[in-house]
Each structure stands twice: as structure tokens, then as C-alpha cells.
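Taking it in order: structure first as C-alpha cells, then the write-up.
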Amino acid sequence: MDALLKALKKNKKYAKATHNTWAVLLPDGTPLKSDDGESGAGMVILRMLEREGLLGHGLVVTRWYGGKHLGGDRFRHVQDAVSAYFEAFLRGR
């Protein structure tokens, strides 16, 4: 994931993001995650990967602070982003 984040952050837009939260289930099932200051967001991504049984998949959800505190709604936004990935890249095969 470090290489993926480094490549992502070469784009100035993503380098300036407030949060690049991520999670991955390694091929052996080992879970890894980072909240990047967005407390609990990495676990939301990880749980969704686990429910789908997606070993070897890693997801990054990027958020820019827009001046409004989202509170618990931030988790819904993370879930929506992960669900969009599932729909577009997994179920759309």
C-alpha cells in the first residue's frame, strides 16, 4: 500500500487531500488499514472487504475537508465510496 499511496500522492490533488484512508486484505487474509486521521474509516473499509471475501484487494478512500464537519455521516460517505467500487469493478465484470 505504501507504493500505491506514494503513486497516488504524485498527483497534487491527492497529495493535498485531508484524508487518504485505506484498507487491504492480503492474499493470506492478513488485514491492514490506516485511518489517516479519519478515525474509524479504515475499519469501515476493512469490514466491507471482509464481508465480500476480497483477498488481495486494497482500497483507498480520499476525502477533502470542505469546511463542514460531517460527524458520523463521514462513515456513510466511506461506505458509499466502497460500494461504488464493488458495483463498478466487481459486480460489473
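You will find that of G71, G67, the residue that is within 20 Å of K13 (Cβ to Cβ) and part of a loop (DSSP other than H, G, I, E, B) is G67 and no other. Within the range 11-65, which residues are buried (at least 16 other Cβ atoms within 10 Å of the Cβ) and among the basic types (K, R)? Once the filter is applied, which keeps residues that are buried (at least 16 other Cβ atoms within 10 Å of the Cβ) and among the basic types (K, R), the range 11-65 yields K33, R63. Scanning the range 44-62 for residues that are more than 18 Å from D2 (Cα to Cα), within 12 Å of the chain's Cα centre (by Cα) and not β-branched (V, I, T) returns R47, M48, L49. Taken over the range 14-54, residues that are among the small types (G, A, S), farther than 20 Å from H77 by Cβ and without any contact (Cβ under 8 Å) to a residue 12 or more places away in the chain amount to 2.
Any read-out appearing in this document is the output of simple, stated calculations on the displayed coordinates, not a laboratory observation. Since we're looking at a predicted model, the values are computed, not measured. Backbone-built Cβ (ideal geometry, glycine too); neighbour counts: all protein chains shown.
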